Structures are given as C-alpha cells and as structure tokens.
Amino acid sequence: MVIVTGPKDSGKTALLREYRRRQAHGEFLGVSSYIDMREKPNVDPAGFAASLRGSMVDSMELKEKLGIEVLGANVEHCKGSASEDGLSMTMRWLESYCLERRHLVRPEQCSTTLVDAYKQGFPTIFIDEANALAAWHSLPDGEAQLEALFRFLVRISKQECGAHIVLASSESFFRRWLLSSAAFQGHGVSVFSVGHLAEEEAKAFMLERVPASSKKEAEAVWDDVFAHVGGAILNLHRVVRLAHRAVATGERLRDRWEREKKRLFMDAAYRVMEGFRPEGMRKVGVREPPKWKKDDWARLVKKMADSRDGVIAYDSLADVPGLDSMIEHDLLQLRAYSDTEREIIADEWPVVIPTSRMALHVMRIKG
C-alpha cells in the first residue's frame, strides 16, 4: 500500500494514468481499477463501488481485446459477479479475485524470479484524491462503510498480499487522517511524494514540447516563466499549450504568456486575500471552519515575504495560531522530505511554502 502525495499541480494524476496506459498495453502485468474522487458519483459509497468494479472489468476487457492474458480472470464471469450492486458485494468479488489468483503468476512471465513475477502480477486499485472519502462521514451509515472499505484495502494488500493499493491526495494532512482509522493500526504505509521539477528539468520539459518554430521565443521567456510558475508540471503544460495556440493564431508567445501571467496573478491574489477574511471563507467538504484571525494571517504573510525563497520549517512556525487550519484551507502547502523533491532545498523538514510561486509574489507585495 502506497500513499502518493504532492501539490495539486505536480502531476500525480498524470503519473497514475500513465501507469494504467502502459499496463493496458502489456508493459506491466496485472489489471487495475482507477477511481477519481473528484467525480461527483464517487463520493457516495454506491457510486464508488460502481466505479471500482466497472474500472477493473474495463481493464480486463481491454487486455483481452489486445490478446494479453489476464491471469485468473474469466472476464465474462467477472462481469457477472461484478454486476451486484453495493459496496459490500463489490469488495467480496474483488477480494475473491485478488486472493484466488495469487498462485497463478508464473515465473516465466518475468525475467527475474517468481517473487518478482508475483509482485508485478498483482491487481492494483488506484484511488485519486482519496481525501474526499472523508465526506462519507456525513452520510447515513457512511462512517461504517468507510471503515469497512479501509479494512478491505488493508486485508487484500497488507495482510493477504493479494493486491496493490495506491491512494493519491493533494491534502497535506491526508496521511495523518488515514492512519487515524482503526483499520490501519499496526500497519505501515509507504509514502511517495511527487514534487516539482528543478529548473533544468523544467526547462527541458517545456522546450521538448513547444513547436519547433517557438523554441527561440520559449527560451526568451523562460526566466520569467520559471520565476512565476517554477517547476509545477501542470503550469508548464499550460505554457506549452500557449505556444501551440500562438503558432496557430500567428501571435507572439510572449503576448500570450503576459496574459496568462496576469490571470495567474489575479487567481493567487484572490486566494491570499481570502486569508485576511477567515470569517467569510465558504465551507468546503468536511473541513472545519478557519481557526485563525486576520492578524494571524498577516503575520504569516510577512514571514513568507521576508523569507529568502518562501520556504520555512514547519516547526519554526509553531507560534502562529491556526497554522494547520491555514494549510487545511489550501492557503499554504506542507511538504515533507522526499527523495524525488527537486525544487525545494531545506535543512529542516517538513516545510511550509506558499501554494505557488505566484502566491509568493503576491505575499511579497502585501507583506
């Protein structure tokens, strides 16, 4: 079982979908199910169950069409078994499939050992933005169904070694919330953090994707682009799209970028200014109301503005009232140490940073 964390624009979803795409074409063994908790039907246990079983069956069918063997799976039988409504029936079917097929992975399907083949052949369940499962607490019998789901995920992965479970989330305190469940007591969970790219990697990423006719223009605006969006992959993708549109319309990339930069600034300014009006912030999901005051946010903004690069050790901000609440309300990011982090350099971890490079620019103006 793995938790994949990272900021909203770091490319976690793209990573999960790329794995599934390659798996579907036989690069990785096994089948998988992908549930996007941003889709409204999935915040209800019945809708979640439908996506869970439907996505797994779709994965089986696609491999069958491509002539790739799905070990232990009679697809038509699985479709019939999966047609039962309800979360409990879906979990029962999946548990049966995951555990009964373990012995079917053969060593000749892997270039190394039986153990490697066994691992690579696992079914995988991806739950994207899994923090949205917290909304089940507000539903009739939702808390019991959530606990049953967690026990099911632990059982088929940690206890029975019959499946991989990947839970992705942009919420800073997702791991803390997840491990507070009784189902996870005594079970370790690996954490993989997807960070932003370092400048050299980010520049190469962008220049490899812009039209050939735009490369000189892209290089000319690069310093300004990185200063305002950093190595955030989704924002870099947006700049690449700007370059393609500029070529299609005969515009200059710099003009397109200046308009995009203004939009990013206005979005960041709105979020920073929200922090000065905690009493007016709208309720989102199951988050508790803000626990800071206007002066607390002003103090935090000043600290960020005065910092060298907008990176401050979490422990050094212990005297800021409502800090965790600010993070929960997406006014700040809490980032833990990760071997994959390329952009942030710090001596102490975890660190608190603004939600974006542009947000830091706004804070320096306001601070």
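The values are calculated or read from the model by the stated rules, or taken from the named source; none is laboratory data. Bear in mind that the values here come from a model prediction, so they are computed numbers and not experimental data. Backbone-built Cβ (ideal geometry, glycine too); neighbour counts: all protein chains shown.
Numerical summary
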{"read-out": "Subset of region 303-314 that is within 12 Å of ALA359 (Cα to Cα) and at pLDDT 95 or above - its residue that is surrounded by the most Cβ atoms within 10 Å (Cβ to Cβ)", "value": "MET304"}
{"read-out": "When residues of region 192-208 are limited to those that are part of a loop (DSSP other than H, G, I, E, B) and over 16 Å from the mean Cα position of the chain (by Cα), the one farthest from VAL352 (Cα to Cα)", "value": "GLU208"}
{"read-out": "Residue among LEU300, LEU317, LEU334 that alone is aliphatic (A, V, I, L, M), at pLDDT below 95 and either out of contact with any Cys (no Cβ under 7 Å at 6 or more places or on another chain) or within 19 Å of LEU197 (Cα to Cα) (or both)", "value": "LEU334"}
{"read-out": "Residue check, ALA183 touching a residue at least 24 places away in the same chain (Cβ under 8 Å), in contact with a Lys or Arg (Cβ under 8 Å, 6 or more places away or on another chain) and assigned by TED's automatic domain parsing to the domain that holds LEU133", "value": "yes"}
{"read-out": "LEU236 vs. criteria closer than 26 Å to ILE327 by Cβ and hydrophobic (A, V, I, L, M, F, W, C)", "value": "yes"}
{"read-out": "Residue within region 318-325 that is among the hydrophobic types (A, V, I, L, M, F, W, C), within 19 Å of PHE173 (Cβ to Cβ) and surrounded by 15 or more Cβ atoms within 10 Å (Cβ to Cβ) present", "value": "yes"}
{"read-out": "Number of positions in region 137-180 that are small (Gly, Ala, Ser), buried (at least 16 other Cβ atoms within 10 Å of the Cβ) and more than 19 Å from ARG92 (Cα to Cα)", "value": "4"}
{"read-out": "Cβ-Cβ under 8 Å pairs, at least 6 apart or on other chains, region 1-17 side over 11 Å from LEU167 (Cβ atoms), far side in a strand (DSSP E or B) and not β-branched (Val, Ile, Thr)", "value": "GLY6/SER193; PRO7/GLN333; PRO7/ARG335; THR13/ASP36; THR13/ASP128; THR13/ALA168; ARG17/TYR34"}
{"read-out": "Single condition VAL229 does not satisfy, out of (1) free of Cβ contacts under 8 Å to residues at least 60 places away in the same chain; (2) surrounded by 13 or more Cβ atoms within 10 Å (Cβ to Cβ)", "value": "(1)"}
{"read-out": "Near pairs, Cβ below 7 angstrom, 6+ apart or cross-chain, from region 294-309 (under 20 Å from ILE344 (Cα atoms)) to any residue that is among the hydroxyl-bearing types (Ser, Thr, Tyr) and outside any helix (DSSP H, G or I)", "value": "none"}
{"read-out": "Where ALA268 falls short, out of the listed (1) out of contact with any helix residue (DSSP H, G or I) (no Cβ under 6 Å at 6 or more places or on another chain); (2) surrounded by 15 or more Cβ atoms within 10 Å (Cβ to Cβ); (3) under 26 Å from LEU207 (Cα atoms); (4) aliphatic (A, V, I, L, M)", "value": "(1)"}
{"read-out": "In region 270-297, residue nearest to ALA135 (Cα to Cα) [restricted to those that are at pLDDT below 95 and aliphatic (A, V, I, L, M)]", "value": "VAL286"}
{"read-out": "Region 222-255: number of residues that are more than 29 Å from the chain's Cα centre (by Cα) and either not in a helix (DSSP H, G or I) or not polar (S, T, N, Q) (or both)", "value": "9"}
{"read-out": "Answer from GLY310, GLY322 - the residue that is closer than 30 Å to TRP136 by Cβ and not assigned by TED's automatic domain parsing to the domain that holds ASN131", "value": "GLY322"}
{"read-out": "Top-ranked residue of region 1-50 - restricted to ones that are surrounded by fewer than 19 Cβ atoms within 10 Å (Cβ to Cβ) and of a type in the set (Phe, Trp, Tyr), ranked as nearest to ALA336 (Cα to Cα)", "value": "TYR19"}
{"read-out": "Test: residue in region 209-220 that is out of contact with any strand residue (DSSP E or B) (no Cβ under 9 Å at 6 or more places or on another chain), closer than 22 Å to ALA168 by Cβ, part of a helix (DSSP H, G or I) and of a type in the set (A, V, I, L, M)", "value": "no"}
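Every residue, every condition in (1) under 23 Å from the mean Cα position of the chain (by Cα); (2) in a helix (DSSP H, G or I), yes or no:
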{"site": "VAL320", "(1), (2)": "no, no"}
{"site": "ASP330", "(1), (2)": "yes, no"}
{"site": "GLN333", "(1), (2)": "yes, no"}
{"site": "SER338", "(1), (2)": "yes, no"}
{"site": "ALA346", "(1), (2)": "yes, no"}
{"site": "TRP349", "(1), (2)": "yes, no"}
{"site": "VAL352", "(1), (2)": "yes, no"}
{"site": "HIS361", "(1), (2)": "no, yes"}
